[in-house]
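Trainee: Have a look at this one.
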Amino acid sequence: MQKKSDGFFVYPPNLHVLDLASMVGMYRSRGEPRRALSGEYFACTVTKKLVKEAKHWFGLYYSQPAWDNMLTKDSSGYPLTEVEFNIMGMAVYPPDDNNHRSFIESHSGTVPQLSFLIVNDLRQFGFLQEDENGNIAITSNGKKALEGFARRAFERSFVPEMLTVYRGQHARPSIEKAEKKETVQTRLF
């Protein structure tokens, strides 16, 4: 199923290059207002206009009106991406009837450290709940947020085929392995 809109937040595709401390810091500071230094400006990612004050998202800046426009309906101010959408969607329609936290995190479409943080935040915002066995379920607020994102991205009600895991596009980002080059170096040992 093709997305009809891209008017939502997106995590950088190369998050795997960050160390854990940098990733956590960037994740935790998303949405924080930043004020440009005297004589400097930020450029809004959406409008391309210069602004003195903006909200920060993984190195990008959004003016307040642009940020508000990127938030999806019923998200309670939480900046939803396709990763959160996949996590909440798998809580409703778990592939292979497996709604265990580790399974959902590993199929979210991002690096495991980030998916761990996201599941914790979705629980804290009241979109998900987790039982003592680690099984994830969606709440009524989570269903509303899920529907809001489905309508924003796909312009229709949620169906499981919208999830990357059901579209066959599930690709857990991986770190590329360097190829060993053949050299003419003599072995000393």
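The values are calculated or read from the model by the stated rules, or taken from the named source; none is laboratory data. Since this is a predicted model, take the numbers as computed values, not measurements. Here the Cβ positions follow ideal geometry from the backbone for every residue, glycine too, while neighbour counts run over all protein chains shown. Only protein heavy atoms, including side chains, enter the accessible area calculation; ligands, DNA and RNA are left aside. Shrake-Rupley method; radii C 1.70, N 1.55, O 1.52, S 1.80 Å.
Trainee: 222 nm [θ] for the chain, helices only, -39500 (n - 2.57) per DSSP H run of 4+, per residue, to 500?
Mentor: -9500 deg cm²/dmol
Trainee: So what's the stretch 1-97 giving for Cα Rg divided by 2.2 N^0.38 Å, two decimals?
Mentor: So the stretch 1-97 has a normalised radius of gyration of 1.24.
Trainee: Within 15 Å, Cβ to Cβ, of residue 61, how many net charges do the neighbouring residues add up to if Lys/Arg are +1 and Asp/Glu are -1? Intermediate values should be presented prior to the final figure.
Mentor: Values: positive: 30, 34, 35, 48, 49, 52, 55; negative: 32, 40, 53, 68.
Within the 15 Å Cβ shell, the charges total +3.
Trainee: Next question, about the same structure. What number comes out for the charge environment of residue 137, summing +1 per Lys or Arg and -1 per Asp or Glu over other residues with Cβ under 9 Å away?
Mentor: It works out to a net charge of -2.
Trainee: While we're looking at this one, here's another question. Which of the pairs 73/143; 4/52; 55/143; 3/144; 3/55; 3/48 have their Cα atoms more than 21 Å apart in this structure?
Mentor: 4/52; 55/143; 3/55; 3/48
Trainee: Apply the a/c threshold of 1.5 to the C-alpha gyration tensor of the chain and tell me whether it is rounded, prolate or oblate.
Mentor: Oblate, because a/c is 1.5 or more while a/b does not exceed b/c.
Trainee: Oh, and also: Looking at the square roots a ≥ b ≥ c of the eigenvalues of the Cα gyration tensor of the stretch 103-170, which shape do they give, rounded for a/c under 1.5, prolate if a/b is larger than b/c, or oblate?
Mentor: oblate
Trainee: Residues with beta-carbon under 13 Å from that of residue 41, excluding residue 41: net charge, scoring Lys, Arg +1 and Asp, Glu -1? Intermediate results must be reported in sequence, preceding the final value.
Mentor: Values: positive: 34, 35, 48, 49, 52; negative: 40, 53.
Residues close to residue 41 contribute a combined charge of +3.
Trainee: How many angstrom lie between the C-alpha centres of the stretch 95-116 and the stretch 49-66?
Mentor: For the stretch 95-116 versus the stretch 49-66, the Cα centre distance is 30 Å.
Trainee: Under a 1.4 Å probe, what is the accessible area of the chain per residue, stated in Å²?
Mentor: Per residue, the chain has an accessible area of 59 Å².
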